[in-house]
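No value in this document is a laboratory result; all are computed from the given coordinates. The structure presented is a predicted model; accordingly, all values stated were derived computationally and were not measured. Neighbour counts run over all protein chains shown; Cβ positions are idealised from the backbone, glycine included.
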Amino acid sequence: MRILKKIFDQNNQWAQDMTRSDPDFFHKLSGQQNPQYLWIGCADSRVPANQITGMLPGQVFVHRNIANIVSHTDLNCLSVIQYGVEVLKIKHIIVCGHYGCGGIKAAWEDKENGLIDNWLRNIQDVQRFHQPELDCLQSENEKLDRLCELNVIEQVVNVCRTTIVRGAWQLNRELAIHGWIYNVKDGLLKDLDICITNQGDIPDTLLPRMSCS
Ligand code: CO
């Protein structure tokens, strides 16, 4: 059996359940999407944007890749940001990482995994920027957890530095960039206390992070 019947059965059930709770649900959504949020998250199967935030279809525009990277030259991610900001008029961009991220761990371990090593270079750059802080932490787990957080912070900065976000701010558009992290062990989101709403907010996040005190 190659048709993955189980998934179609589940889909059928889900569509029925949705229609039962709101008979007009699909009809309303089919007209247009009007999400308030753009989610940039990890492709990890345990971190699905809609489910963990309790949001319905239509409420969040989503881009996911390995380790929630916003690379300056990634046309895929940049196109999502542009469409989200300029066409959908999204007001909040959320970069959400997660503890226990396999991409972060692979970058940290620096073993050879083939093509993906090129992608993971982005994380190794983050590690290099923040090595003094990471060196202060005692355990491997603490270092990895902190690298997951630092990667979110750096990707938030990368979002802010795109021509798209800068352009939106120049037009005085209301647009906030947030950095969050998700814990796969308890299902909870944590706000990393970053919320950048204009160009002037960016430099603070670029200051060298704390080193051993
Ligand atoms: Co991950």
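Here the range 33-67 is scanned for amide nitrogen atoms under 17 Å from the site 7 Å beyond the Cα of Q124 along Cα-to-Cβ, giving 67.
Remark on I66: its backbone amide H falls under 5 Å from those of A43, a criterion applied only to residues 5 or more positions apart or on other chains, H modelled at 1.01 Å from N. Against the chain, whose longest principal axis is taken from its Cα atoms, helix 116-129 shows a tilt of about 50°.
Per-residue ellipticity at 222 nm, computed for the chain from helices alone with -39500 (n - 2.57) per DSSP H run of at least four residues, works out to -13500 deg cm²/dmol. When only Cα pairs below 8 angstrom with a gap of at least 6 residues are kept, the range 37-201 shows a relative contact order of 25 percent. Mind checking which of C160, C136, C148 has the largest fluctuation in a GNM of the chain, springs on alpha carbons under 10 Å? Residue with maximal mean-square fluctuation among C160, C136, C148: C136.
Sorting 13-20, 182-189 by their mean Cβ neighbour count within 10 Å, with the most densely packed peptide first, gives 182-189, 13-20.
For K91, the aspartates and glutamates whose Cα falls under 18 Å of its own Cα, not counting residues fewer than eight places away in the same chain, are E174, D191, D193, D201. So if I take the centroid of the Cα atoms in the range 46-69 and the same for the range 117-166, what is the distance between those two points in Å? Using only Cα atoms, the two centres lie 21 Å from each other.
Over the range 32-182, the Kirkwood radius and the radius of gyration, each from Cα atoms, give a ratio Rg/Rh of 0.98.
Determine, from the Cβ-Cβ distance of C195 and Q131 and an R0 of 25 Å, the FRET efficiency 1/(1 + (r/R0)^6), rounded to the nearest 0.05.
0.40
Counting only residues at least eight positions apart within a chain, or on another chain, the lysines with an alpha carbon under 21 Å from that of K185 are K105, K143.
Taking Cα atoms only, the orientation of helix 140-160 departs from the longest principal axis of the chain by about 70 degrees. The slack in the chain from T19 to D117, taken as 0.36 nm per residue of separation less the alpha-carbon distance, amounts to 30.9 nm.
Sorted largest first, the principal axis extents computed over the alpha-carbon atoms of the range 1-69 equal 37, 37, 19 Å.
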